[in-house]
Amino acid sequence: MNISTKRTHGPLELLILQSTPFCNLDCSYCYLPDRSDKSRMPIHVIEKAFEFVIGANLVESEFTIVWHAGEPMTLPPSYYKEAFDLSREFANKHNIVIHQSIQTNATLVTDEWCKLIQENDVRVGISLDGSAKWNDRVRVYRSGKGSHQKVLEGIECLRRNNIDFHVISVITSESVADPEGIFDFFHELGIERLGFNFEEQEGENERARWDDSSSAKSERFLESFMKLIKKHNARIQVREFDGIAPWLLQGGKSLEHNQENSAFKITSVSKNGRVSTFSPELLGHTNEEYSNFIVGNLLTDTPNQILNSDVLHRMMDSIDAGIQSCKMECEYFDICGGGSPGNKLFEAGSFAATKTKYCENSVIAPAHAALTVLEDLAQEAKMGMKSK
Ligand code: SF4
C-alpha cells in the first residue's frame, strides 16, 4: 500500500486496545468517562487495528499491545484467548514480534487468568496505591468499599502461579506526605518494580488538588523513598529513576521529543474502532477544537485518510509548538522531551503550553531527588576514602 504523508509517524511502540470501557471499580481519581459502559470491542475491530498499523507503515519489527482503559479482566479469558491467537497469526504473517501487556486492578485475577497469562507471556501491571489506609480512600467499588483486600488476593494468586508483575501506584496530594508508610508497605509485600503516578488533573478527574508546594512535596517523597531503599538495602526498582539516573551519571542523550508527543508511537483504539494518538488518555474525551481527538475510524477510513486527517495535523502543529517552547524555555527539556500533550491540554487548556503540575511532579521532582541522592552517595564515598 502506498501511503503519502506530509510528516513522519511512529514507529509504533504501544498499541492500546480499549477492549471494554467498563470497570468494576469506581476510583475517585478516575479520568474515564464511560466506566459504566459494559460493551466490548468486537474481534473484527482488533483485526482492523492490525491491518491499519501495517497498512500505515507504522511497524518496524515489534510492538506491544496494551489492554487498558476500563478493567480488561471484566471480559472473560476466552475473549483474550481469541485476540491473542489472532495477534500470533498476524505477527507470524508479517514476521514481527508482538508483546502482550495488561494493566489491571487485580481484583478479578483467578487461576484461569494466570494460565492464560502464562501461556501467552503477558506482561502484567497492577494498580495499587499502598496500604489499605491510602488505597481504600480512592480505589473503591461503586458501593464505596475499598478494593485493597481483593488486590492482595489477586497478587497472591499471581505469585502462586509464578507470574511476575510490576505495580503502578498513584500518589495523591494526601499520601505524598507518607513516603515511610508507602515504602514499608511495598517492601513488606516484596514488590520489586514500582512506578509512581502523581495524581493528575485529567478528563473526569478534577479532584487533584496540588497546591503551589506540590513539587517540593513530590520531591521530598521521592527523595525519602530512595533513601529508604538504600537504608533497607531493598530490591525495589523505581521507574521514575530508571531513565534519569544513567542520564545524570553519564550525561545521557538529550530527548528531542518523547513517546507521548510523537504521532503514532502510541496508537489508541476504542471499542468501536475510533483511533487516537499521543497521550492515551485523550481517547474517550470530548473536545470541540480537535473533534474529540479522533483522527479516524478503522471501520470507515483508510490508513492514508487517517494519517493525513486534518485533526491529526492540527494536533501535531499545536503539540510541535509546545515542544519548541519547552525547548527554548525549560532547563529540563533534555530529560523530558517536551512533556505530555494530554496534561498540557487538561491542565493549561492548550497543547502548546509548557510547564504544568505534571512537569513539577513527574519530571522536575524525580530529577532533583535523584540528584540529591547521587550527591549524598558521592559525599559518602568521599568520606569513606578519607577515612582509609
Ligand atoms: S518539564 Fe514541562 S516545561 Fe519542561 S520540557 Fe517537560 S513539559 Fe516542557
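What are the equivalent ellipsoid semi-axes of the chain, built from the alpha-carbon gyration tensor (square roots of five times its eigenvalues), in whole angstrom, biggest first? Walk me through the intermediate numbers first.
Values: eigenvalues 220, 144, 86 Å².
The three semi-axes for the chain are 33, 27, 21 Å.
With r defined as the distance between the Cβ atoms of Ser39 and Gln305 and R0 fixed at 35 Å, what FRET efficiency is calculated, to the nearest 0.05?
Values: r = 25 Å, r/R0 = 0.72.
Computed FRET efficiency for Ser39 and Gln305 comes out at 0.90.
Given the rule -39500 (n - 2.57) for each run of at least 4 DSSP H residues, summed and divided by the residues of the chain, what is its mean residue ellipticity at 222 nm, to the nearest 500 deg cm²/dmol? Spell out each step's value before the answer.
Details: 13 runs with 151 residues, N = 388.
When only DSSP H runs of four or more count, the value is -12000 deg cm²/dmol.
What nm distance separates the two modelled labels at Glu288 and Glu62, each placed 7 Å from Cα along Cα→Cβ?
Once both label points are built, they end up 4.6 nm from each other.
Taking every DSSP beta bridge that has both residues in the chain, what percent is antiparallel when rounded to the nearest 5? Walk me through the numbers before you get to the answer.
Numbers: 8 of 38 bridges.
Roughly 20 percent of the DSSP beta bridges within the chain come out antiparallel.
Taking amide H positions as placed in the peptide plane 1.01 Å from N, state which residues far from Asp26 in sequence (5 or more) or on other chains have amide H under 5 Å from it.
Result for Asp26 returns Val140, Tyr141, Arg142.
Check Glu62: other-chain or 5+ apart residues with amide H under 5 Å from its amide H, H built from backbone geometry?
Val97
If I model a spin label as a point 7 Å beyond the Cα along the Cα-Cβ vector, how far apart are those points for Glu47 and Asn162 in nm?
Result: 3.7 nm between the two label points.
Grab the alpha carbons of the stretch 212-362, take their convex hull, and tell me the volume per residue in Å³. Can you show the working numbers first?
Working: hull volume 21.1 nm³, N = 151.
With only Cα atoms used, the stretch 212-362 gives 140 Å³ per residue.
Just want to confirm a number: the relative contact order over the stretch 259-355, from Cα pairs under 8 angstrom separated by 6+ residues, in percent. Before the final figure, lay out each step's value.
Details: 147 pairs, mean separation 22.2, N = 97.
Answer for the stretch 259-355 is 23 percent.
Counting Lys and Arg as +1 and Asp and Glu as -1, what is the net charge of the other residues whose Cβ lies under 14 Å from the Cβ of Ser101? Provide the component values of the computation, followed by the final result.
Numbers: positive: Arg123, Arg193; negative: Glu13, Glu62, Asp121, Asp164.
Net charge around Ser101: -2.
Could you sort out which of Lys93/Lys115; Lys145/Lys231; Lys38/Lys344; Lys150/Lys344; Lys48/Lys327; Lys81/Lys355 sit more than 32 Å apart by Cα distance in this structure?
On the way: Lys93/Lys115 26 Å; Lys145/Lys231 35 Å; Lys38/Lys344 30 Å; Lys150/Lys344 35 Å; Lys48/Lys327 37 Å; Lys81/Lys355 43 Å.
Over 32 Å apart, Cα to Cα: Lys145/Lys231; Lys150/Lys344; Lys48/Lys327; Lys81/Lys355.
With charges set only on the Cβ (+1 for Lys and Arg, -1 for Asp and Glu), what does the dipole of the stretch 259-355 come to about its Cα centre, in debye to the nearest 20? Walk me through the numbers before you get to the answer.
Numbers: 7 positive and 12 negative charges, 54 e Å.
With Lys and Arg at +1 and Asp and Glu at -1, about 260 debye.
If you place +1 on the Cβ of every Lys and Arg and -1 on the Cβ of every Asp and Glu, how big does the dipole about the Cα centre of the chain come out, in debye to the nearest 20? Intermediate values should be presented prior to the final figure.
On the way: 41 positive and 55 negative charges, 115 e Å.
For this selection, approximately 560 debye.
Since every read-out is calculated from the coordinates, none of them should be taken as a lab result. What you see is a predicted model; the values in this text were computed from it and never measured. So basically every Cβ, Gly included, is an ideal-geometry build from the backbone, and we count neighbours across all protein chains shown.
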